1. In a GNM of the chain with a 10 Å cut-off on Cα contacts, which of Gly133, Gly33, Gly90 has the highest mean-square fluctuation?
2. Over the chain, what percent of the accessible surface lies on carbon and sulfur atoms, probe 1.4 Å?
3. Among (1) 10, 41, 38, 10, 1; (2) 8, 30, 34, 17, 7, 3, 1, 0; (3) 10, 37, 33, 16, 4, 0, which one is P(r) over Cα pairs in 10 Å bins from 0, in percent computed from these coordinates?
4. Counting Lys +1, Arg +1, Asp -1, Glu -1, what net charge surrounds Leu134 among other residues with beta carbon under 15 Å of its beta carbon?
5. Rounded to the nearest 500 deg cm²/dmol, what is the calculated helix-only ellipticity per residue at 222 nm for the chain, with -39500 (n - 2.57) per DSSP H run of length n ≥ 4?
6. Suppose all protein chains stay in the model; what accessible area per residue would a 1.4 Å probe give for the chain, in Å²?
7. Return the whole-Å distance between the Cα centroid of segment 31-51 and the Cα centroid of segment 74-101.
Amino acid sequence: MPLPGRRGGPVDWLLVGLGNPGAEYDGTRHNIGFEIARSLTARWGLPKPKAGYLGLITEGRIGPGGPRVAVLLPQTYMNDAGRSVGPARGALGVPLNHVLVLHDEIDLPFGEIRVRVGGGLAGHNGLKSIKQGLGSADFARVRVGVGRPPTSDPDRVAAYVLGRFREPRAEVEALIERVVEGQTAPT
């Protein structure tokens, strides 16, 4: 995932992987943001994340002379992620247009990837919390399609996103790799 450089604060970009903490959520649709962020951290050779800003955070430079990034995995649970993201952004001196959130999107079919800045939050409680924590919805997002259940019943939708992928693990890993490689369609 190529990022243009900027010079100024302690880091040039804040990447936020959305998910829920705890082993019971590993491999669920809602945690695809965590999986992508972990993959980027490994690819870029960043140090092991440490506790900070109510999350796990790591920082480093992407290649020689590349931008400095911080990768944050809020440990507040998805619906409270803004309590982690807002303070991290402030402390790291990252402008709003250099905050990039990686998250699941039920309004996109499985495997579809879209990038956008600002716009509606589509009922995504994690994004609503981040908007509150940042004071604006004008941050960048990588929306990763996880599909939608055949119902709009809120309890069943919640069970769906908190459930494990039905698609084969190889397809989920290929989707993560496509995001990491930056193979996205802008919206």
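The values are calculated or read from the model by the stated rules, or taken from the named source; none is laboratory data. What you are looking at is a predicted structure, and each value in this text was computed from that prediction instead of being measured. We place every Cβ from the backbone using ideal geometry, glycine too, and count neighbours over all the protein chains shown. Each accessible area value is taken on the protein alone, full model and side chains, heavy atoms only, with ligands, DNA and RNA left out. Shrake-Rupley method; radii C 1.70, N 1.55, O 1.52, S 1.80 Å.
1. Gly90
2. On the way: 4430 of 8370 Å².
Carbon with sulfur: 53 percent of the solvent-accessible area.
3. Matching entry in (1) 10, 41, 38, 10, 1; (2) 8, 30, 34, 17, 7, 3, 1, 0; (3) 10, 37, 33, 16, 4, 0: (1).
4. Numbers: positive: Arg83, Arg89, Lys128, Lys131, Arg141; negative: Asp80, Asp138.
Charge balance in the 15 Å sphere: +3.
5. Details: 5 runs with 53 residues, N = 187.
So the helix-based figure for the chain works out to -8500 deg cm²/dmol.
6. Details: 8370 Å² over 187 residues.
I get 45 Å² per residue for this part.
7. 15 Å
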